[in-house]
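None of the figures in this text is laboratory data; all of them are computed from the coordinates on show. In this text, all values refer to a predicted model and were calculated from it rather than measured experimentally. Note that each Cβ is placed from the backbone with ideal geometry, even for glycine, and that neighbours are counted across all protein chains shown.
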């Protein structure tokens, strides 16, 4: 009888531990959800602009990419994801498609190359939005992978 009572007292802890283990496994399998801001200060060279933006991009372990960039205060002409560490410009790896007035989407089915995925893991991908006035890019935000948890 005593062992049943002890088990009942331990059950909430066992369930909580199991839930944490399952959610940790699920999170690592689903990919990195990146939320970031875009600004003219992050462009190379920096751009003096009132424009701004936010990004919500997911990069999965199978190298598929999804998400969007939303802008404000810019008449955007193009938007891309590029390879390049902070402070450096680089080649386009994903062309975003316009969807509505201030929204740019990652096209369905987009997949990074192995090289681009390794660049992402190294913190060397960024999104930027171009305008007629700033053809090289008016606002930019770095796609930084989450830091690994230390145990």
Just to verify a number: FRET efficiency for residue 75 and residue 108, C-beta to C-beta distance, R0 = 25 Å, to 0.05? 0.45
Given labels modelled 7 Å from the Cα in the Cβ direction, how far is it in nm from residue 147 to residue 132? 4.4 nm
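For segment 45-115, calculate the relative contact order in percent as a whole number, restricting contacts to Cα pairs under 8 Å that are 6 or more residues apart.
Relative contact order, segment 45-115: 30 percent.
By its C-alpha gyration tensor, with a ≥ b ≥ c as the square roots of the eigenvalues, how is segment 34-110 shaped: rounded for a/c under 1.5, else prolate for a/b larger than b/c, else oblate?
It comes out oblate by the Cα gyration axes.
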Under a plain spin-label model, where a point goes 7 Å from the Cα along Cα-to-Cβ, how far apart in nm are residue 86 and residue 50? 2.8 nm
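Express in nm, to one decimal, how much length is gained between residue 118 and residue 58 on full extension, taking 0.36 nm for each residue of separation and deducting their alpha carbon distance.
20.1 nm
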